[in-house]
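Comments concern the structure below.
All of the numbers you see were taken from the coordinates with simple rules; none came from a lab. These numbers come from a predicted model, not from an experiment. Reconstructed Cβ throughout: ideal geometry from the backbone, glycine too, with neighbour counts over all protein chains shown.
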Amino acid sequence: MVISILTRTVRSKDRAQWQPQLAAVLPRIKAVLDDAPGFVSVEYLWGVHGEGETAQITTWQTLEDCQRYVRQGDAATVATLEEAAIPTAVHPDGRWVRQTYEVVEA
C-alpha cells in the first residue's frame, strides 16, 4: 500500500466554513478517485491550530497506481474541484505539497 499526503493552506481559517464546502464537493472528488485504478481510500484533515492547514490523504494499492493518478491528470482534476470549492491561501502560504510513503507493517 502507498499513502499520498497532499497538504495546503486554505483561505478560510474557520473549520465550520471549510467542512460544508468540502462536503459539497466530495461526491465529485470521490467519483474521480473511484474511477482511478488502484484507489483504496481518501480522507481529509483540518489542522489543529486553526490556521487553515488541510491535508488530503489518499491510499493506493501500488506506487504505480499513485503515480498514474498524478501523472495522467486525475490529481489535477481533483485539485481543480477542491480549489473551486475551497480556495487556497495566497502565495506563499497556499503552496501545495505532496509526499508519498510506502506503508510498512509493524
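Worth pointing out:
- Those residues of the stretch 1-16 which are more than 14 Å from the chain's Cα centre (by Cα) and of a type outside the set (A, V, I, L, M, F, W, C), in sequence order: ARG11, SER12, LYS13, ASP14, ARG15
- Whether a residue is in a helix (DSSP H, G or I), of a type in the set (Gly, Ala, Ser) and surrounded by 16 or more Cβ atoms within 10 Å (Cβ to Cβ) was assessed, and ALA75 passes this test.
- Extreme residue, surrounded by the most Cβ atoms within 10 Å (Cβ to Cβ), among residues of the stretch 17-38 that are under 24 Å from VAL103 (Cα atoms) and within 13 Å of the chain's Cα centre (by Cα): LEU33
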